[in-house]
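Only the coordinates and a few stated rules stand behind these numbers; no lab work does. Keep in mind that this is a model prediction, so the values were computed, not measured. A quick note on method: Cβ atoms are made from the backbone with ideal geometry, for glycine too, and the neighbour counts reach across all protein chains shown.
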Amino acid sequence: MFLATSNKAKRLLHLSYIQHIKPEELKRGREDIKTLLADLPPGFRLLVDLDRLESTDPACTTEIGRIMELLDRGGVGMVVRVIPDSNKDIGLNILSLFHYRHQPQVVTCKNMAEAARALGL
């Protein structure tokens, strides 16, 4: 499952990757992200939670890149990733090089408490 939520007051977009992710879920999620971005100002912060991720379909790479480009066009200023296990890292650093033209600040954390501190929550 892929879940996108936002907190307008905190200028925060939260993306959760849960269990096994398939490209179709990310395509649907991209539409949700477009809607959520309309309420967020440039410079918003992104929290990417991979804590409950079990696996991704290899074809997800293309969709993740498209999501990154959408976020880049929306003006993402900071990306905080929760990756408790390095085996869950799905190549986000490499994808970032190609899909974030404006190079937001990127922080990788082991847990949500660390991510909350990085975001100043």
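Here the chain was treated as a single set of alpha-carbon atoms; its pair distances binned every 5 Å from 0 give 2, 12, 24, 27, 23, 11, 2, 0 percent. Near THR56, the amide H atoms lying under 5 Å from its own belong to ILE21; only residues 5 or more places off or on other chains count, and H is placed 1.01 Å from N. Here ARG101, ARG28, ARG66 are placed in order of increasing Cβ neighbour count within 10 Å, fewest first, which gives ARG101, ARG28, ARG66. With coordinates expressed along the principal axes, the C-alpha atoms belonging to the range 1-63 extend over 33, 21, 15 Å, beginning with the largest.
By how many nm would the segment from PHE98 to LEU3 lengthen if fully extended, with 0.36 nm per residue of separation less the alpha-carbon distance? Mind dumping the intermediate values first?
Details: separation 95, 0.36 × 95 = 34.20 nm, distance 2.35 nm.
Full extension from PHE98 to LEU3 adds 31.8 nm.
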